[in-house]
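One structure is given below, encoded as structure tokens.
The values are calculated or read from the model by the stated rules, or taken from the named source; none is laboratory data. On a predicted model such as this, the values are computed, not experimentally measured, just so you know. Counting neighbours? That spans all protein chains shown, and the Cβs are built from the backbone with ideal geometry, glycine included. These accessible areas exclude ligands, DNA and RNA; they are computed on the full protein's heavy atoms, side chains included. Shrake-Rupley method; radii C 1.70, N 1.55, O 1.52, S 1.80 Å.
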Amino acid sequence: MKNLYKSEEAKKCKSDLDLRVYTSNLLGQSDELVLHGGGNTSVKTKVDGEATLLVKGSGWDLVSIKAEGFSPVKLDTLLEMAKLPELSDSDMVSGQKAAMTDSLAPNPSVEAILHALIPYKFVDHTHADAIVTISNSVNGIANIKKVFPKFLIVDYVMPGFILAQKIYEMTKDLNWDSIEGIILHNHGIFTFDNSAEESYEKMINAVTQAEVFLEQNAKIHLINKYEPSECDIVKITNLFSKAKGYEVSININQSPLANYYASQENLREFASRGVLTPEHILRTKRLPLIMEDTNLERGLENYMSEYKKYFNQFSTDEIMLNPAPNYMIIKNLAIISFGKSKKEAAIVNDIVEHTMMAVLRADKLGGYKSISVEDSFAMEYWELEQAKLKK
Ligand SMILES: [Zn+2]
């Protein structure tokens, strides 16, 4: 993949934070690295003489983040938090907030402790398609180890405190110079360096290596299997608006990739294998509605009753989200995404586009395999997400 770093541009940066903004924007420009709010970055620097982590604030996108989008958090406090035997994610968020040196800055990313633990100035984290494609396959760990022998490979755990704690345990006796980066299985990749340029370049190089591996082992030829016909937009909009409880906007995808994907044999099993990186579940849910016949009402009803079963199987005291799907695959017709606005529906569609390609490629590596249903539920019903609902 293309390295977008330009020395002339970087030279205009007057501070560590300026440089951090610059290479964060570069990462954000490549949608094969991060999509819609995904990924995060940080820089360690001194603020008023105190060691401080400036980390991406929640609600900011890497592509457009500015200096004020970074949250200043006392580094020592974050490092102390990493050593706690346990901490709920809500308490972690309050602890991080309390350690902010500017109370008007946005809330720090939930990966702030992890960023603090990495003893380099610049830390870059993405959900690069090529990396998660290899990782999300039945031989994922083995293939990742083959492509990245010098990376620390971390088995999947829930993002937030559990992940930070795991990294703390895995690295407390580690010589950091012996590793080139960290790969979080089924989630993404971290690179780091004391130079912003090097940290960015390490990301580009690692992802390029993964892309080369896929090029050699998982080449896809998209074949148009059917002539696209029209969707009944009015019927779909009415039906899903009723199920969602608001007027839905819909995004219809009939691209060559969508065409090929929607024509697969055993579509139900094929397209029901979970998300590419955990946070996507908040946009797409774990599963789409898959329509192999024309009875849309019945299809939607079945989906919602299956969703309720899934909720009841894993829930303790959570509030159930609306059980209607966030996207639908109609066999030999289209992929349709839903949102409260055109923009929201387009975001779901973008994530689905990237997921479809990854699923097809991972199948060439032996079979696409994402996190378990239980782990998916834990993410979808994360206490931090639930807290927003309970407010
Ligand atoms: Zn992540």
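Among helices (runs of 4 or more DSSP H) entirely within the stretch 249-363, having at least 1 residues that are touching a Cys at 6+ places or on another chain (Cβ under 6 Å) singles out no element at all. Close Cβ contacts (under 6 Å, 6 or more residues apart or on different chains) running from residues in the stretch 113-132 that are within 13 Å of the ligand (Cβ to nearest atom) to residues that are open to solvent by 10 Å² or more (accessible area, probe 1.4 Å) and part of a strand (DSSP E or B) comprise 125/40. Among the residues making up the stretch 126-178, those that are within 28 Å of residue 373 (Cβ to Cβ) and in a loop (DSSP other than H, G, I, E, B) are 127, 128, 136, 138, 139, 148, 155, 156, 157, 158, 159, 160. In the stretch 179-197, the residues that are in a loop (DSSP other than H, G, I, E, B) reach residues that are hydroxyl-bearing (Ser, Thr, Tyr) and surrounded by fewer than 24 Cβ atoms within 10 Å (Cβ to Cβ) with C-beta atoms within less than 8 angstrom, at least six apart or across chains, in these pairs: 185/156; 186/156; 187/156; 194/120.
Across the stretch 341-349, a minimum of one residue is classified as at pLDDT 95 or above and more than 20 Å from the chain's Cα centre (by Cα).
Please enumerate the residues belonging to the stretch 297-332 that are under 22 Å from residue 264 (Cβ atoms) and either open to solvent by less than 30 Å² (accessible area, probe 1.4 Å) or of a type in the set (Ser, Thr, Tyr) (or both). Residues satisfying the conditions are 299, 300, 303, 325, 326, 327, 328, 329, 330. Checked against (1) within 20 Å of the chain's Cα centre (by Cα); (2) away from the ligand (no atom under 16 Å from the Cβ); (3) surrounded by 22 or more Cβ atoms within 10 Å (Cβ to Cβ), residue 196 passes all but condition (1).
Look at (1) more than 21 Å from residue 39 (Cβ to Cβ); (2) among the aliphatic types (A, V, I, L, M); (3) at pLDDT below 95 and you find that residue 79 fails only one, number (3). With respect to residue 151, determine if the residue is more than 30 Å from residue 381 (Cα to Cα), out of contact with any Leu (no Cβ under 9 Å at 6 or more places or on another chain), within 16 Å of the ligand (Cβ to nearest atom) and touching a residue at least 60 places away in the same chain (Cβ under 8 Å). In short, no.
Looking across the stretch 29-53, just one residue is farther than 20 Å from residue 345 by Cα, open to solvent by 10 Å² or more (accessible area, probe 1.4 Å) and within 14 Å of the ligand (Cβ to nearest atom), and that is 40.
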